[in-house]
Amino acid sequence: MPHVLVKLVPGKTEEQKRALTDAISQSVQQHLGSTEDEVSVAFEEVPMDQWAETVYRPEIVGAADKLYKKPGYTL
């Protein structure tokens with residue numbers, strides 16, 4: 001039962017989010033063998049001025065051992 005949470009700064013359109021949701025869902029189905037009914041995708045918008053405190057430090061730097069794709073930026 002894969003659940004994918006995408007954290008991003010505000011500003012993307014509903015159309016962009018729906019397109020990404022479809023791409024993520026299809027990719028999860030293809031690569032993990034999940035069915036469409038098993039996949040869920042959510043978005044959480046985090047203001048840029050809160051990104052370092054709520055995402056970058058705890059979830060990227062603080063959980064580096066869990067990352068399969070590291071960002072190319074530092075804060």
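Here are a few things to note about the model shown:
- List TYR73, TYR68, TYR56, ordered by accessible area with a 1.4 Å probe, largest first: TYR68, TYR73, TYR56
- Cross-link partners of LYS17 among aspartates and glutamates, defined as those whose alpha carbon lies under 15 angstrom from its own and excluding same-chain residues fewer than eight positions apart: GLU44, GLU45.
- A value for mean projected area of the Cα convex hull in nm² was derived from the coordinates, and within the list (i) 6.5; (ii) 4.0; (iii) 5.7 it appears as (iii).
- Between amide H atoms placed 1.01 Å from N, distances below 5 Å from LYS7 occur with GLU44, all of them 5 or more places distant or on a separate chain.
- Relative to the longest principal axis of the Cα atoms of the chain, the long axis of helix 14-32 lies at roughly 70 degrees.
The values are calculated or read from the model by the stated rules, or taken from the named source; none is laboratory data. Predicted model, so just to flag it, every value in this text is computed and none were measured. Side chains included, ligands, DNA and RNA excluded: accessible areas come from the protein's heavy atoms. Shrake-Rupley method; radii C 1.70, N 1.55, O 1.52, S 1.80 Å.
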